[in-house]
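The structure under discussion is supplied below as structure tokens; questions concerning it will follow.
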Amino acid sequence: MTHVPRKHQQGFTYLGLMILLVIIMIVATASIQLGKIEQQRLAEQELLHIGREFQLALLSYANSTPVGQNRRPKTLQELVKDPRFPNTQRHLRKIYLDPITGKAEWGIVLSSDQQRIIGVFSLSDKKPIKIKNFDSYFLGFDEKKSYRDWVFVGVK
């Protein structure tokens, strides 16, 4: 067995430890990035679910309109408690938080007379992960550049 002088062996353990730490840091960074992407994907799915709830609420409001009254709400709060009826009628359980921004603030699409709500959208300019293969009630969502472009309109 050949004996290598001790001075030629110094530093190899330290170098190996440094390489191991770099590898661990790379793996940790990749894991964090994947976690962020998964978190955004989940928030995106939640946005689509909440957007669908708004669509259905706007349809419910329109379909339950008494004769001679407007078929569109003036505020989102009217979807939560419809003022057209003496008893509480809800088309939407609550004003949901936008899962992308984390706020209960939504962009509003108004009717041509600028008086009534016909749709809502997220106020986020963030780029969506999903860009194709949307369900049929999300027409026009393909290839949009930001969540702000996903407009949830209450039409059949």
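The values are calculated or read from the model by the stated rules, or taken from the named source; none is laboratory data. In this text, all values refer to a predicted model and were calculated from it rather than measured experimentally. All Cβ positions, glycine included, derive from the backbone under ideal geometry; neighbour counts span all protein chains shown.
Do you know which residues across the range 38-75 are in contact (Cβ under 8 Å) with a residue 60 or more places away in the chain and among the hydroxyl-bearing types (S, T, Y)?
Scanning the range 38-75 gives a single hit, Y61.
I've got another one for you. Scan the range 41-66 for residues that are over 18 Å from Y96 (Cβ atoms) and either in contact with a helix residue (DSSP H, G or I) (Cβ under 8 Å, 6 or more places away or on another chain) or assigned to a helix (DSSP H, G or I) (or both) and jot them down.
Step one: of the range 41-66, the residues over 18 Å from Y96 (Cβ atoms) are 41, 62-66.
If the condition is that a residue be over 18 Å from Y96 (Cβ atoms) and either in contact with a helix residue (DSSP H, G or I) (Cβ under 8 Å, 6 or more places away or on another chain) or assigned to a helix (DSSP H, G or I) (or both), then R41, A62, N63 are the ones that fit.
Of the residues S136, S111, S124, which is more than 13 Å from the chain's Cα centre (by Cα), surrounded by 11 or more Cβ atoms within 10 Å (Cβ to Cβ) and polar (S, T, N, Q)? Can you show your working first?
Values: S136 fails: surrounded by 11 or more Cβ atoms within 10 Å (Cβ to Cβ); S124 fails: more than 13 Å from the chain's Cα centre (by Cα).
Being more than 13 Å from the chain's Cα centre (by Cα), surrounded by 11 or more Cβ atoms within 10 Å (Cβ to Cβ) and polar (S, T, N, Q) holds for just one of S136, S111, S124, which is S111.
Now for a different question. What residue, among those in the range 95-108 that are under 16 Å from Q77 (Cβ atoms), of a type in the set (A, V, I, L, M, F, W, C) and in contact with a Leu (Cβ under 9 Å, 6 or more places away or on another chain), is surrounded by the fewest Cβ atoms within 10 Å (Cβ to Cβ)?
Ranking the candidates gives A104 first.
Is there any pair linking a residue in the range 139-153 that is farther than 17 Å from F54 by Cβ to one that is of a type in the set (S, T, N, Q) and modelled with pLDDT of 95 or more, with Cβ under 8 Å and at least six apart or on different chains, and which?
S146/S124
Still on this structure, I have one more. Could we say that I118 is in contact (Cβ under 8 Å) with a residue 40 or more places away in the chain and farther than 22 Å from I37 by Cβ here?
Numbers: in contact (Cβ under 8 Å) with a residue 40 or more places away in the chain: yes; farther than 22 Å from I37 by Cβ: yes.
So I118 passes the test.
Enumerate the pairs (first residue in the range 81-109 and closer than 16 Å to E46 by Cα and acidic (D, E); second residue anywhere and at pLDDT below 95 and assigned to a loop (DSSP other than H, G, I, E, B)) with beta-carbon separation below 8 Å, excluding pairs fewer than 6 apart on the same chain, so at least 6 apart or on different chains.
Matching pairs, first to second residue: D98/A104.
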